[in-house]
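Contents: one structure, followed by commentary.
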Amino acid sequence: MKTDEKELRAISLTLEAGEHIRSCIRCTYDLQQSSEKIPLCGMLAVTSQRIIFYSCTMGIPWVKFINYHHISQAKMEKDLSDTKGSILLINQGVNEVFCHLPNEDRIERFVAVLEQEAGISCENK
């Protein structure tokens, strides 16, 4: 089974009754542990109820849930040197940054689904 399939299956196991995955992308998330950041590679999913990030970096599963009503702001930042960038979500006053995004067309589709499901507007920087 490919990595994407394993991650999607793991995310599917966390879904609540009636919750469905609407869109997903591969990206990284820097987990803040004390004074250091640990980069986690994984899958970011927009569901019908929330955002879920799943990673199994170094064989250790890690899941982050972000409820839509906790997001006060969303920004998409593009790196001018290539098509990769980041999505910044303000989650209960905390910056949640997801980086190393896929190509521009795929990320724009993902952001459109995020905006629709979360009821927010994602600023472009």
Fill in the blank from the handout: Helix-only [θ] at 222 nm, the chain, -39500 (n - 2.57) per DSSP H run of 4+, per residue, nearest 500, equals -7000 deg cm²/dmol
Exercise for the section: Report Glu77's accessible area, 1.4 Å probe, all protein chains in place, as a number in Å² to the nearest 10. Expected result: 80
Problem - Rg to Rh, two decimals, where region 1-62 supplies the alpha carbon set and Rh follows Kirkwood - result: 1.00
Problem - Segment Leu13-Asn103, length gained on full extension (0.36 nm per residue, minus Cα span) - result: 29.7 nm
Handout entry: Positive-end residue, region 12-112 charge dipole about Cα centroid, Cβ charges, pick of Ile38, Ser12, Tyr68
Key = Ser12
Practice task
Would you tell me the accessible area of His70, worked out with a 1.4 angstrom probe on the heavy atoms of the protein chains, in Å² to the nearest 10?
Solution key: 60
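The values are calculated or read from the model by the stated rules, or taken from the named source; none is laboratory data. Everything numeric in this text was worked out from a predicted model, so none of it was measured. When we count neighbours, we look across all protein chains shown, and the Cβ atoms used for this are built from the backbone with ideal geometry, even at glycine. Just the protein is used for accessible areas: all its heavy atoms, side chains included, with ligands, DNA and RNA removed. Shrake-Rupley method; radii C 1.70, N 1.55, O 1.52, S 1.80 Å.
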